[in-house]
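Computed from the coordinates by the stated procedures, all read-outs in this text should not be read as laboratory data. Owing to the predicted nature of the structure, the values given are computational and were not obtained by experimental measurement. Here Cβ is always computed from backbone atoms with ideal geometry, including for glycine, and neighbour counts include all displayed protein chains.
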Amino acid sequence: MKISNEGKSLIKHFEGCELEAYLDAVSVPTIAYGRTKGVTIGDTCTQEQAEAWLEEELVEYENYVNEAVQVPLTQNQFDALVSWTYNLGPSNLNSSTMLKVLNSSSYDDVPTQIKRWNKAGGKVLDGLVRRREAEALLFKGEDWSTI
């Protein structure tokens, strides 16, 4: 599967786009829409480069979800999982209880599992609480845009 425009919108909404590198909540150099690969403080990019990097990285994250999930997904479910994995990484996806619950076809329990991942550096962050709520709503096919 491939992420839809709705899934991209959620990612863009919560990642935001910074054209100058900054340190994220756990002090990782980050630029554009949450890109961390090869980023150092002082780096800059154009909006066009930020968009291109996101498109490039989404293919990678789509693949992580496609490889890990063993049950059928709706487009909304897939989009929510790609957003979650884009933010948290494939190692967390593959080791998560969320994935085990999903792969056992317990779809109704997945939103609760999504929302458990709301910490960075051991601290609950309001932005992550909101993002996980939005991803859980999208997973259920509900409107997340007011979160």
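Residues in region 102-120: is at least one in contact (Cβ under 8 Å) with a residue 60 or more places away in the chain and either more than 18 Å from Lys8 (Cβ to Cβ) or over 15 Å from the mean Cα position of the chain (by Cα) (or both)? Yes, the conditions are met somewhere in region 102-120. When Gly42 is tested against (1) of a type in the set (Gly, Ala, Ser); (2) touching a strand residue (DSSP E or B) at 6+ places or on another chain (Cβ under 6 Å); (3) over 25 Å from Leu137 (Cβ atoms), exactly one condition is not met: (2).
The C-beta contact set for region 52-80 (first residue farther than 23 Å from Tyr33 by Cα, second residue not in a helix (DSSP H, G or I), distance under 8 angstrom, 6+ apart or interchain) comprises Val71/Ser105; Leu73/Met1; Thr74/Gly141.
Among all residues of region 36-44, there is at least one that is farther than 18 Å from Gly7 by Cα and small (Gly, Ala, Ser). Among the criteria (1) surrounded by 14 or more Cβ atoms within 10 Å (Cβ to Cβ); (2) in a loop (DSSP other than H, G, I, E, B), the one Pro111 does not fulfil is (2). Scanning region 36-77 for residues that are assigned to a loop (DSSP other than H, G, I, E, B) and either over 19 Å from Gly89 (Cβ atoms) or touching a Ser or Thr at 6+ places or on another chain (Cβ under 9 Å) (or both) yields a count of 13.
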